[in-house]
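All remarks here apply to the structure that follows.
The values are calculated or read from the model by the stated rules, or taken from the named source; none is laboratory data. Just so it is clear, the structure is predicted and the values come from calculations on it, not from any experiment. All Cβ positions, even for glycine, are placed from backbone atoms using ideal geometry, and neighbour counts span all protein chains on display. Quick note on the areas: whole protein, heavy atoms, side chains included, nothing else; ligands and nucleic acids left out. Shrake-Rupley method; radii C 1.70, N 1.55, O 1.52, S 1.80 Å.
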Amino acid sequence: MPGRRSRRGVVRYGHRRQRRTRTRTARAELLFSVSHLERLLREGHYAQHLTPSAPVFLAAIVQYLTATVLQLAGSEAQRSGCRRITPQLVDMAIHNNALLSVFFGNTTISQVAPGWH
């Protein structure tokens, strides 16, 4: 085969290597999928127009809130001597935080985890 071999296959002389396209999630360095949230926003018909930055911003907010709640629930688990984060600990962490208790004021957190008996 003409050309030299690299880790990603054959690199032919005279051809430019194509760069891999990075997802919007990777470009924004997020964990929550920007494309998935954009699809949910479009299918929900929340607005007539959707800017390209709206799903990125929403993904960042969801990731921040998730990290905050899990960090507080982990602290509650350590204080109570538990090794796992349970729905009760998540509920306790939210209600012990002044800002999150207002934000999640009308939210019901299920006390029964799916699949557990």
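Before moving on, here are some points about what is shown:
- Pick from the stretch 93-109, criterion among the small types (Gly, Ala, Ser) and touching a helix residue (DSSP H, G or I) at 6+ places or on another chain (Cβ under 6 Å), ranking: surrounded by the fewest Cβ atoms within 10 Å (Cβ to Cβ): Ser101
- Taking every residue in the stretch 59-76 that is open to solvent by 40 Å² or more (accessible area, probe 1.4 Å) and pairing it with any residue that is assigned to a helix (DSSP H, G or I) and of a type in the set (Gly, Ala, Ser), at least 6 positions away or on another chain, the pairs with Cβ-Cβ distances below 9 Å are Leu70/Ala93; Gln71/Ala93; Leu72/Ala93; Ser75/Ala93.
- When Val90, Val11 are checked against the criterion of being modelled with pLDDT under 95, in contact with a strand residue (DSSP E or B) (Cβ under 9 Å, 6 or more places away or on another chain) and surrounded by 12 or more Cβ atoms within 10 Å (Cβ to Cβ), a single residue qualifies: Val11.
- Pairs linking a residue in the stretch 89-103 that is over 14 Å from Leu70 (Cβ atoms) and in a helix (DSSP H, G or I) to a residue that is open to solvent by less than 40 Å² (accessible area, probe 1.4 Å) and of a type outside the set (Val, Ile, Thr), with Cβ atoms under 7 Å and 6 or more positions apart or on different chains, are His95/Ser101.
- Single residue of the stretch 77-87 satisfying the filter (assigned to a helix (DSSP H, G or I) and among the polar types (S, T, N, Q)) that is least open to solvent (accessible area, probe 1.4 Å): Ser80
- With respect to the conditions (1) open to solvent by 40 Å² or more (accessible area, probe 1.4 Å); (2) in contact with a Lys or Arg (Cβ under 7 Å, 6 or more places away or on another chain); (3) modelled with pLDDT under 95; (4) not aliphatic (A, V, I, L, M), Gly3 falls short on a single one, namely (1).
- Qualifying residue in the stretch 22-33 (condition: crowded, with 16+ Cβ neighbours inside 10 Å and out of contact with any Ser or Thr (no Cβ under 9 Å at 6 or more places or on another chain)): yes
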